[in-house]
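My questions all concern the structure below.
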Amino acid sequence: MIARKIMMLGEIGVGKSSIVQRLVFDRFDFNYKPTIGVDVYRYDLPPRPGREAMSLIVWDTDGNFGEAIFRHVYMREASAAFIVGDLSRRNTLDSMAKLGAGFREALPGRHITFLLNKVDLVEAALRMEVPEPLVPFAAPVVTTSAKTGENVQQSFIDSADAIIRRDQ
Amino acid sequence: MPSSDETNSPRPGPRPAPLLTAGMMLAERGIYGMIWVDETLTTVARYGRLVDFVEVGEPLTRELLPLVGLEDEIRALKDSDGRVIELPGIAIVDNKGESPKINISVFWSKDEESFLVVLTRYSSRSDLEVELSRQIRARLMAEAEVMQTSKELAKTNAELARANRDLEEFASIISHDLKAPMRHLRYIVDEIETATEGALSGSAISKLSELRDQSRRMSGMLTSLLEYSSVGRKEEIAEEIDTHGLIHAIIGSMRRTPGFEIEIAGFWPTISTVVAPLDLVLRNLVDNAIKHHDRADGHIRISCADKGDTLLISVEDDGPGIAKDQHAAAFLPFRRLKPGGAEGQGMGLAFVKRWVEAAGGRLDLESDPSLRRGTTMRLQWPKMT
């Protein structure tokens, strides 16, 4: 089975760990517990036409790293990144573009997905807004809810497919 | 991942006695475990806590997830004497829970002709510090959320207070209690005139007449205030409007002297908007430009440009202009910049600004008579969908 490394990046409290916990264990913990250092998870995808079985090794990083993460050993050989923001805290969306640019510079050509998380907390009208700084990346921008599971699993499947396309 | 505290029982596979001894010594010094790996990155031996999940004879990275992707880098260690790959502060999480935070070090052991993976306690902070850090950050996050909520609540409260203040001001001024005495005052004047017919001096008659006029004016002002306060309260429905037709209709209805020219320029599109307020705003702006002009042969240029989601409409006259220090006052209710000038109660621009703002637009005044004659009113009017 092939395995690929995926980074979860984003400011503190945007829901990176909650997204991974929803993906891997299909659960949501209402108690906030900040990640210190990095937590590593495995998410196995079954085979399907055009893609053999695949393990995503998800590195859930400490939001405190900020852009310093790109100088850290943790980033080595990552195949893709999920850059997460909190739709209910607009200032966290601004830093997404900086992290996106940092990732592109550190690992050119690797797939990026921007996740606008906590969509369950905002009004429907805000759901459709793509933050302007993210537009130039031409990367998928997906609204997610770790609480309800909305779009979480599909985002990772799409990212896995993108990694395979790049490898080919 | 591994959470067992028990030391592994011996398992099949090569485990040289000297390395076993070394492993035991390291374990006694707080090192969680060691894994011996051959050149194909297959586990050949393991020892200690937290490594019992690693199967001998299986690829190292099958279970030691943080090393996935680093296979080439590990192989290269063989040719880089003394080099170590170090991954600090990592926890491996599976459905059984989270491992302690560990440091993973990988290096090539020349003596043993194998790679060594050493799992040690995360040494940069004690567990207590890590837990303390978690708790502090959790509290900071909670406080930040409370602050954000309080800020939004305070903003809503301020808006509510302002709306209440507005309402109270108008409610207190505009009431029948105020309008009724005004009417009563005029009736008293009529009664005095009737009762004293022929007995009053010319001066007294003139004063009574003035009293009647002033009370009538006061009633007019009260009516205007009522109208002013009601702007924007009524929900207008957007309609399609040909702005070119609208401006021509407005100009056609304006009375002006024969030499007075009004020019329409620019592109006037058909848009969807609240038509009645737009009509009122344009009518008032053009009317003001005519009314306050000081020459019979004045010229007004009304132009329009489509700026996407707004129209930019300019009404430019070559009248006497408005001194810069009077610009702000020009938009206030009941301010007449030239006492005794054009007729009215000085509500025109105040009304216009209120209508514009209620529609979500903007109105700016440009004029400086010290440089040149004329005033330009720039209107940004929103389109609606």
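Just so you know, all these numbers are worked out from the coordinates, no wet-lab data involved. Treat the numbers as computed from the prediction; the structure is a model and nothing was measured. Don't worry about glycine lacking a Cβ; one is built from the backbone with ideal geometry, like all the others, and counts go over all protein chains shown.
Can you give the FRET efficiency for B:L332 and B:D166, using 1/(1 + (r/R0)^6), R0 = 22 Å, r = Cβ-Cβ distance, to the nearest 0.05? Could the numbers behind the result be given before it?
Details: r = 15 Å, r/R0 = 0.68.
After rounding to 0.05, the efficiency reads 0.90.
Please figure out what share of the DSSP beta bridges in chain A is antiparallel and state it in percent, rounded to the nearest 5.
Numbers: 9 of 31 bridges.
Looking only at bridges with both residues in chain A, the antiparallel portion is about 30 percent.
Of A:K16/B:K101; A:K5/A:K118; B:K207/B:K353; B:K291/B:K353; B:K324/B:K353, which pairs sit farther than 26 Å apart, going by alpha carbon to alpha carbon? The partial results should precede the final answer.
On the way: A:K16/B:K101 18 Å; A:K5/A:K118 24 Å; B:K207/B:K353 37 Å; B:K291/B:K353 18 Å; B:K324/B:K353 18 Å.
Beyond 26 Å between Cα atoms: B:K207/B:K353.
Tell me what chain A gives for mean residue ellipticity at 222 nm when only DSSP H runs of n ≥ 4 count, each as -39,500 (n - 2.57), the sum divided by the residue total, rounded to 500 deg cm²/dmol.
Working: 4 runs with 47 residues, N = 168.
That comes out to -8500 deg cm²/dmol.
Also: Taking neighbour counts of Cβ atoms within 10 Å as a proxy for exposure, in what order, fewest first, do A:V122, B:V106, A:V135 appear? Don't skip to the answer; put the middle values down first.
Details: A:V122 17, B:V106 22, A:V135 11.
By the 10 Å Cβ count, ascending: A:V135, A:V122, B:V106.
Given an 8 Å cut-off on Cα distances and at least 6 residues of separation, report the relative contact order of region A:66-141 as a percent. Walk me through the intermediate numbers first.
Numbers: 84 pairs, mean separation 26.8, N = 76.
Reported as a whole number, the value is 35 percent.
What translational diffusion coefficient, in µm²/s and rounded to a whole number, does the Stokes-Einstein relation yield for region A:1-128 at 20 °C and a viscosity of 1.002 mPa s, taking the hydrodynamic radius as the Kirkwood radius over Cα pairs?
Values: Rh = 15.3 Å.
Using the Kirkwood radius from Cα pairs, D works out to 140 µm²/s.
Give the cross-link partners of A:K98 among the aspartates and glutamates, using a straight C-alpha distance below 19 Å as the criterion and excluding same-chain residues fewer than 8 apart.
Within the straight-line cut-off, A:K98 pairs with A:E11, A:D60, A:D62, A:E67, A:D86, A:E129, A:E132.
Sort B:T156, B:T243 so the one with the fewest other Cβ atoms within 10 Å of its own Cβ comes first.
On the way: B:T156 10, B:T243 21.
Ranking B:T156, B:T243 by Cβ neighbours within 10 Å, fewest first, gives B:T156, B:T243.
Here's another thing I want to ask about it. What is the order of A:S17, B:S303, fewest Cβ neighbours within 10 Å to most? All intermediate terms of the calculation are to be shown ahead of the outcome.
Details: A:S17 24, B:S303 17.
In order of increasing Cβ crowding within 10 Å: B:S303, A:S17.
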